[in-house]
Amino acid sequence: MTATTQAEDLVFGLTRVIDLPGLTAAGGAALGAEDIAAILGEAEKFARDLLWPHSQAADREGARLENGVVRTPESYKPAYRAWIEGGWQGLAAPAEVNGVEVGGQELPQALWMAVSEIVTSGDMSFSLCPLLSAGAIEALARFATPAQQAAWLPKLVSGEWTGTMNLTEPQAGSDLSQVRTKAEPDGTGGYRITGQKIYITWGDHDLTENTLHLILARLPDAPPGTRGISLFAAPKVLPDGRRNALRCGGLEKKMGIHASPTCVMLYEGAEAELVGEPNRGLNAMFAMMNAARLGVGVEGVAQGARALALAEAYAAERVQGGQPIARHADVARMLAEIRAITLAGRLLALEAGAALDRHRLLGDAEAEARVALLTPIVKAWCTDRGVDCASLGIQVHGGMGFVEDAGAAQVLRDARIAPIYEGTNGIQALDLVGRKLFRDGGAHMRGLLAEVKAADPRLAEAVAAMTRATDWMLERGLKDADAAQASAAAYLDAAGWTLGGWMLARAAAADARYAPLAGFYLARLLPRAAARVAEIEAADALLALMPAA
């Protein structure tokens, strides 16, 4: 096929596959194909000029905690200034909330996801800061009081402040029912937060003067478990200029994303405000997490794109046996796998973003159900494939890929966190089966599979296997929770391979340039869906190995 760039694929996906111009026109906020191309062109320039050239140096330099100050790589300062000056943080944020102008551009979520992919490919560590701020904006726009929104949202939307998400603690992990951080009323309508949070992405840094921390904590009279968790907001610097009683107690030493400061945050009577209703904090926090889960899925796609760019450039130049290794059949296979999988994930993520936009712009209830169904698949399948593609990228490089100078190793180190955070991929699979599939008796999944089957005859076998797997889940899984949980990851993976084929079939139908790549995926990669369905039907083999209760 004719080679296409990441930005070209994104413009094509937004304009020709999901028809974002038509969707926005129907919603009364028309965005033309030329506007989309211009925005993504500027995003590509931002990443190419300010992130790509410095990402390896930033990884080597890393984030550092020095005398109580968290310092980021020097290249991040001009990059973040350009991020603010370009208005990028407010791209998809609201223009006004409750009659207060907050400065957002209210552009579609699908467009924000496309920009995020480009920025994340440039430097994943840098991109995590805007991702968390976007989630904070989402939560506050939906759950904060008008006064809180007026005080905080303009700063976050402009990028002048950044936002964080403080969930887990050393004893809690993914089980938020074990959260112990306390919130004591201070007698003046505010609260004092005391506790420790871990794995706080961009919890402290030197790029902005202030950071707004969204924190899960318990009120003194809170019921036990997740029903007793409330959400609070605590700024690093208080309105009167005083430093709040919170600090970074240490930086995690991580496998990858070295330039992203992952903090242990200590709250020592920090002044805070309640966000939303008491004991209903998870409702508000999940607004942030759901946005972040789609964003993390995009991270998986972005790391595949970075792996592809590095591998294709190396394979075109590296001569072995008298010809560039790109002409060696096995290297060509690996490059084709990375390209096909990355494009499938890219288009699937855009499809989820478009469903979110259809719900927001048109009030489409079916679109809301679709984005709920697609979110765990995008998060898990795209991030697992990002790791696979990063590993293949190293293999294309051969021994040079195992050496840090080539940059391919960094992609794998960075990509490996994405299947873990914002809810591990196992949790995403349980969400897909236990909540999304069971709650409507599989109706939305069956409807989606019908669309997939109609797109291309070559998808019929995978759809038949997925239909069989759905029947199995609804019959065996509803009766046997262990069987459902043992098969959930395979079910999600089979869904991802099938839906990826659907997206590439749609791409080929829209533009013949994509037909060879779609043909490769449908012939050589799509059979992996049926293989995962076979694992589902062999659930008893796994159950026999599980420890007794």
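Angle, helix 527-537 long axis vs. longest principal axis of the chain, Cα atoms, 0 to 90°, nearest 10? Around 70 degrees separate the two axes. Within the shell of other residues whose beta carbon sits under 14 angstrom from the beta carbon of residue 409, the net charge comes to 0, with Lys and Arg scored +1 and Asp and Glu -1.
Calculated from the structure, Rg and Dmax of the Cα atoms in Å equals which of (i) 23.1, 79; (ii) 22.6, 70; (iii) 28.6, 92? Derived directly from the coordinates: (i).
If only the Cβ of Lys and Arg carry +1 and only the Cβ of Asp and Glu carry -1, the dipole of the chain around its Cα centre is close to 720 debye. When Rg and the Kirkwood Rh are both derived from Cα coordinates, the Rg/Rh ratio for the range 12-132 amounts to 1.04. Using only the C-alpha atoms, the convex hull of the range 211-310 corresponds to 150 Å³ per residue.
Evaluate the charge dipole of the range 26-176 about its Cα centre and quote only its size in Debye, nearest 20, assuming +1 on the Cβ of each Lys and Arg and -1 on the Cβ of each Asp and Glu.
On the way: 9 positive and 19 negative charges, 61 e Å.
For the range 26-176, the charge dipole is close to 300 debye.
Taking a ≥ b ≥ c as the square roots of the eigenvalues of the Cα gyration tensor, an a/c ratio of 1.5 or more together with a/b no larger than b/c marks the range 134-212 as oblate.
Between 430, 478, 381, the Cα set farthest toward the positive side of the dipole of the range 378-503 (charges on each charged residue's Cβ, about the Cα centre) is that of 478. Given the pairs 197/253; 182/436; 155/253; 77/236; 236/379; 197/236, which span a C-alpha to C-alpha distance of over 22 angstrom in this model? 182/436; 155/253; 236/379, as the Cα separations exceed 22 Å there.
A convex hull fitted to the Cα coordinates of the range 142-182 yields 120 cubic angstrom per residue. Rounded to the nearest 20 debye, the dipole magnitude of the range 387-485 is 340 debye, with +1 charges on Lys and Arg beta carbons, -1 on Asp and Glu beta carbons, and the Cα centre as origin. Just to confirm a number: summing +1 for Lys and Arg and -1 for Asp and Glu over residues other than residue 93 whose beta-carbon lies under 11 angstrom from that of residue 93, what do you get? With Lys, Arg at +1 and Asp, Glu at -1, the neighbours total -3. Close amide H contacts of residue 364 (hydrogens built in the peptide plane, cut-off under 5 Å, sequence separation of 5 or more or a different chain): 359.
Can you sort 236, 479 by solvent-accessible area, 1.4 Å probe, largest first? Please list the in-between numbers first.
Working: 236 25, 479 180 Å².
Accessible-area ranking of 236, 479, largest first: 479, 236.
Name the residues of the range 30-56 whose amide N is less than 17 Å from a point 7 angstrom out from the Cα of residue 313 along the C-beta direction? Correct set: 44-56. Around the amide H of residue 249, modelled in the peptide plane, lie the amide H atoms of 264, 265, 266, all under 5 Å away and 5 or more residues distant in sequence or on another chain.
Residue 221 sits with roughly 120 Å² accessible to a 1.4 Å probe, with DNA, RNA and ligands left out of the calculation.
Once the Cα atoms are used to define both axes, helix 146-158 deviates from the longest principal axis of the chain by about 50 degrees. Rolling a 1.4 Å probe over the protein chains gives residue 165 an accessible area of about 20 Å².
Can you give the net charge of the other residues whose Cβ lies under 12 Å from the Cβ of residue 103, counting K and R as +1 and D and E as -1?
Values: positive: 155; negative: 96, 101, 106, 160.
Cβ neighbours under 12 Å give a net charge of -3.
Computed with a 1.4 Å probe on the full set of protein chains, the accessible area for residue 255 sits at about 110 Å². Among the chymotrypsin sites (Phe, Trp or Tyr not before Pro) in the range 332-436, none is located in a DSSP loop while being surrounded by at most 15 other Cβ atoms within 10 Å of its own Cβ. Can you grab the distance from the C-alpha centre of the range 32-79 to the C-alpha centre of the range 383-397, Å, no decimals? Result: 22 Å between the Cα centres.
Three principal axis extents describe the C-alpha atoms of the range 233-372; from largest down they are 69, 44, 23 Å. Only beta bridges with both residues in the chain are counted; by DSSP, about 85 percent of them are antiparallel.
Which order do you get for 204, 482, 511 if you rank them by accessible area with a 1.4 Å probe, largest at the top? It would help to have the intermediate numbers written out before the result.
On the way: 204 10, 482 85, 511 30 Å².
Result of the area sort, largest leading: 482, 511, 204.
Calculated mean residue ellipticity, 222 nm, the chain: -17500 deg cm²/dmol, from DSSP H runs (n ≥ 4) at -39500 (n - 2.57) each, averaged per residue and rounded to 500. Candidates 55, 80, 108 compared by Cα position along the dipole of the range 26-109: farthest toward the positive end lies 55, with charges placed on Cβ. Work from the charge dipole of the chain (Cβ charges, +1 for Lys and Arg, -1 for Asp and Glu, about the Cα centre) and give the residue of 469, 28, 445 farthest towards its positive end. Of 469, 28, 445, it is 469. Relative to the longest principal axis of the Cα atoms of the chain, the long axis of helix 76-85 lies at roughly 90 degrees.
The values are calculated or read from the model by the stated rules, or taken from the named source; none is laboratory data. If you're wondering where the values come from, they're calculated on a predicted model, not measured in any experiment. Backbone-built Cβ (ideal geometry, glycine too); neighbour counts: all protein chains shown. Only protein heavy atoms, including side chains, enter the accessible area calculation; ligands, DNA and RNA are left aside. Shrake-Rupley method; radii C 1.70, N 1.55, O 1.52, S 1.80 Å.
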